[in-house]
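Let me begin by presenting the structure, written as structure tokens, before commenting on it.
What follows is calculated from the coordinates using simple rules that are stated; it is not laboratory data. Quick caveat, the model's predicted, so the values are computed rather than measured. Every residue, glycine among them, receives a Cβ derived from its backbone with ideal geometry; neighbour counts consider all protein chains shown.
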Amino acid sequence: MSELRSGGLGEYPLEGKVAVISGASNGIGAATAKRLAAAGVKVAVGYNNGRDRAEQVLAALAGSGHRIVHIPMQDSAAIAAAAAEVRSTMGRCDILVNSAGVTRAVPHADLDALDDETFDRIFTTNVRGPFATIRAFAPLLRQSGDAVIINVSSISGSTGSGSSIAYAASKAALDTMGMSLGRALGPGIRVIGVAPAAVDTGFVPGRGRAAIEKQSMETPLKIVVDPDDVAVSIIGAITHLRIATGTTLMVDGGRHL
């Protein structure tokens with residue numbers, strides 16, 4: 001049994017920490033990389049196919065000691081190799097942000113349009129991939145002694161709405177997995193989900209700015225959410241939610257209400 005720890009932890013210091021971010025070549029992942037780097041964190045910019053975009057993100061980061069790392073959600077062996085690369089080149093991992101994800105817009109009533117290949121691709125990328133990444137980086141995170149995992153989820157996981165049934169189900173699975181891992185990885189590792197609604201990233205194929213604005217007008221806060229808005233929420237969860245684990249925070253402008 002682990003020893004009981006005293007409270008009064010205060011704010012989580014970021015200076016000198018190392019963060020690994022999957023899906024960091026654009027969108028929420030890229031915005032989070034920039035925020036963490038500006039706070040003194042050395043960042044591993046994870047990417048799948050967007051190496052050129054990852055290099056652009058890398059070049060824009062404040063500070064030094066950052067690198068790009070290939071972290072494809074569909075390939076567990078490659079993810080394990082990425083963890084080994086981070087260990088050998090950066091020496092540690094204190095923060096892991098699972099930001100990689102995929103979807104496809106499929107009307108919920110059109111069951112035939114949600115074919116097996118699409119369903120499997122969404123679940124592999126959005127559920128198995130984050131689990132494989134956590135599994136691969138868990139030894140480094142445990143060595144930190146005070147680490148945090150952020151899973152970028154969606155309100156679709158609790159509302160069942162969104163771009164497709166498979167996407168909503170995958171985010172529900174990610175949230176439940178976070179609960180299980182919160183129990184399994186404590187006390188040295190916190191696991192926190194951050195669940196936005198529609199974000200102006202171009203993530204959903206075919207959903208443009210007008211659709212984002214329409215959804216935003218239906219929320220109590222009426223804010224068109226930018227990737228940096230979610231990144232700020234992620235930083236807040238890392239630095240200030242020191243006694244939270246296994247929970248998912250809605251950062252959706254009140255869309256769920």
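Per-structure values
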item: Other-chain or far-sequence residues with amide H under 5 Å of V69's (modelled H); result: V45, G46, Y47
item: Between helix 27-38 and the chain: long-axis angle, C-alpha atoms, 0 to 90°, nearest 10; result: 30 degrees
item: Under 17 Å from the Cα of K214 - lysines, other chains or at least 8 residues apart; result: K222
item: Cross-link reach list, aspartates and glutamates versus K34, counting only Cα pairs under 12 Å and skipping chain neighbours closer than eight places; result: D228
item: Gap separating the Cα centres of region 105-133 and region 36-96, nearest whole Å; result: 25 Å
item: Relative contact order of the chain, pairs being alpha-carbon contacts under 8 Å that are 6 or more residues apart, as %; result: 20 percent
item: With at most 13 neighbouring Cβ atoms within 10 Å, loop GluC sites (Glu not before Pro) (DSSP) excluded, longest segment of the chain; result: 16-217
item: J(HN,Hα) series, region 177-194, from Karplus relation 6.51 cos²θ - 1.76 cosθ + 1.60, nearest Hz, glycine and proline x; result: 4, x, 5, 4, 6, x, 5, 6, 9, x, x, x, 9, 8, 10, 10, x, 10
item: Distant-in-sequence amide H partners of T248 (H built 1.01 Å from N, under 5 Å); result: G193
item: Sequence ranges 236-242, 28-34, ranked by mean other-Cβ count within 10 angstrom, highest first; result: 28-34, 236-242
